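Q: Quick one: structure below, then a few questions.
The values are calculated or read from the model by the stated rules, or taken from the named source; none is laboratory data. This is a predicted model, so every value here is computed, not measured. No Cβ is skipped: glycine too gets one built from the backbone with ideal geometry, and neighbour counts run over all protein chains shown. Protein only, heavy atoms only, side chains kept; ligands, DNA and RNA dropped before computing areas. Shrake-Rupley method; radii C 1.70, N 1.55, O 1.52, S 1.80 Å.
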Amino acid sequence: YWDENLLDGRPPFEPMPELVGITVHLTFAERAFELARWYRIRGSKAVLGGLHVLSCPDECAPHADALAVGDGVQLWPRILADAERGSLQSRYFAAYENDYRTDPAPRRDILPRKSFLTTTSLIATRGCHNRCGFCYLSTDGLRMPYRMREPAQVAAEFEDDGQPYAVFIDNNLGSRPEYLRALCEALRPLKRIWSAAVSIDVTDDSSLVRSMALAGCTGVFVGFESLADQNLTEARKRTPKTAEYARRVGIFHDHGIQVNGSFVLGFDHDRKDVFDRTAEWVEYNRLECATFHILTPYPATPLFRKMEAEGRLLHRDWSRYDTAHAVFRPKHMSAEELEQGYAWIYQRLFSYRSIWRRRPEDWRALAPYLAMSYLYKRSNRLWHLLIRHDLVHAVWWPLVELTRIRHLRFRERLARTETPSARPGNVVAAGV
């Protein structure tokens, strides 16, 4: 297993592998093709899979000996068997409709544990009840029903990896509220902490948020997307009215759960004031963290087809389809103004002044919050140093363990009352 984000130099070549599987993401497609070419020249067979292969298979085909289109867990054993027989096919297809409970647990023991904040990245569910027009889940021809693993399976994986902190990388862990409640019951005895991506409607039932907190949830990544209802309607996102957002953020905070709010900039109803209005809202509601994206029409999505039909796409340089560049013509500002606003809002929200304005109301949570904000979000040079010297886990683990201990105390108080009397804060950025 090789992850180029770990900055470990050139990919493995001694011995030269017989078969190489490469995950292709849109913005790194050219790098993936370059790697495949390098290995193929030296006699290896290259298999490409991932989201870009799913949406643009014909573009990827010339760069590979085989394509894995669809669920790689189903396809990989077939690919290996065919490769051993010398009968590798050019394309392999699999749907996403199998019984998810039969998928084997990942081989986390092959990961370089020292290089990660945690090696316990978990997937309990696949899919989402939304099909937003800008999301990869709305890709042409993709049918991904919401599938769930047994809560006991997920809890066992968490326990077996021995880490105090887990990240759920599900598209939306809260799409089925009763499943999330059952999962929380399975996780609660572990006395560990975790974060996950959920939609804001998980707060429809505050008792579910309470269950999340009691089970160890310290942070959520929430796709608010926009503060304009018209944008959300046109994006086909089923969500509460934006006027409800502030109250619902308060429900998370009242249960000691940090919120990392995700916002998309450049919708057709966004004007030049969207940047200042969004920043003010984030600060007023004391979101511990915020993530911003320029609206990006991914290939084969409804948004891409719409932009293409309207002649608004500026180019097809996939390396710039990274949500940090404007690749289309916005309606009420120029592409340059959209990019400048995107850069400005990040600078503002992670300025010292804004970090202080967003501090938690409970003084006991102040120190962990500042540690998260300053160390995690304002220390890029430090992180590169830690990554290069395999120190990420060693440096971060004590902070995570301290958070876990603090959260256990908070859970004890929460369990004794319907309304928490204090908030625990967190040193791990919500939604990492």
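Q: Please find, within region 379-397, the residue that is most open to solvent (accessible area, probe 1.4 Å) out of those that are aromatic (Phe, Trp, Tyr) and in contact (Cβ under 8 Å) with a residue 24 or more places away in the chain.
A: Result: Trp397.
Q: Restricting the search to region 139-190, which residues are part of a loop (DSSP other than H, G, I, E, B), in contact with a helix residue (DSSP H, G or I) (Cβ under 6 Å, 6 or more places away or on another chain) and touching a residue at least 60 places away in the same chain (Cβ under 8 Å)?
A: Thr139, Pro164
Q: A further question on this structure: Looking at region 111-134, which of the residues that are touching a strand residue (DSSP E or B) at 6+ places or on another chain (Cβ under 9 Å) and open to solvent by 40 Å² or more (accessible area, probe 1.4 Å) is nearest to Glu97 (Cα to Cα)?
A: Per the criteria, the residue is Arg126.
Q: Sort through Pro12, Pro77 and tell me the only one that's free of Cβ contacts under 8 Å to residues at least 24 places away in the same chain and either on the phi > 0 side of the Ramachandran plot or not in a helix (DSSP H, G or I) (or both).
A: The unique qualifying residue is Pro12.
Q: So, in region 351-364, exactly how many residues are open to solvent by 70 Å² or more (accessible area, probe 1.4 Å), in a loop (DSSP other than H, G, I, E, B) and either among the hydroxyl-bearing types (Ser, Thr, Tyr) or closer than 15 Å to Arg406 by Cα (or both)?
A: 0
Q: Now, a different point. From Arg248, Arg286, grab the single residue that is basic (Lys, Arg) and either modelled with pLDDT under 95 or surrounded by fewer than 20 Cβ atoms within 10 Å (Cβ to Cβ) (or both).
A: Arg286
Q: For region 365-374, state whether one or more residues are outside any helix (DSSP H, G or I), in contact with a Lys or Arg (Cβ under 8 Å, 6 or more places away or on another chain) and open to solvent by 40 Å² or more (accessible area, probe 1.4 Å).
A: There is no residue in region 365-374 that is outside any helix (DSSP H, G or I), in contact with a Lys or Arg (Cβ under 8 Å, 6 or more places away or on another chain) and open to solvent by 40 Å² or more (accessible area, probe 1.4 Å).
Q: Let me spell it out: the conditions are (1) of a type outside the set (Gly, Ala, Ser); (2) over 27 Å from the mean Cα position of the chain (by Cα); (3) crowded, with 16+ Cβ neighbours inside 10 Å, and Leu80 meets all of them except one. Which number is the exception?
A: (3)
Q: Okay, moving on. Please name all residue pairs, on different chains or six or more residues apart, with Cβ atoms under 7 Å, provided the first residue is in region 202-223 and is over 12 Å from Phe168 (Cβ atoms) and open to solvent by 20 Å² or more (accessible area, probe 1.4 Å) and the second residue is among the β-branched types (Val, Ile, Thr) and in a helix (DSSP H, G or I).
A: Ser206/Ile251
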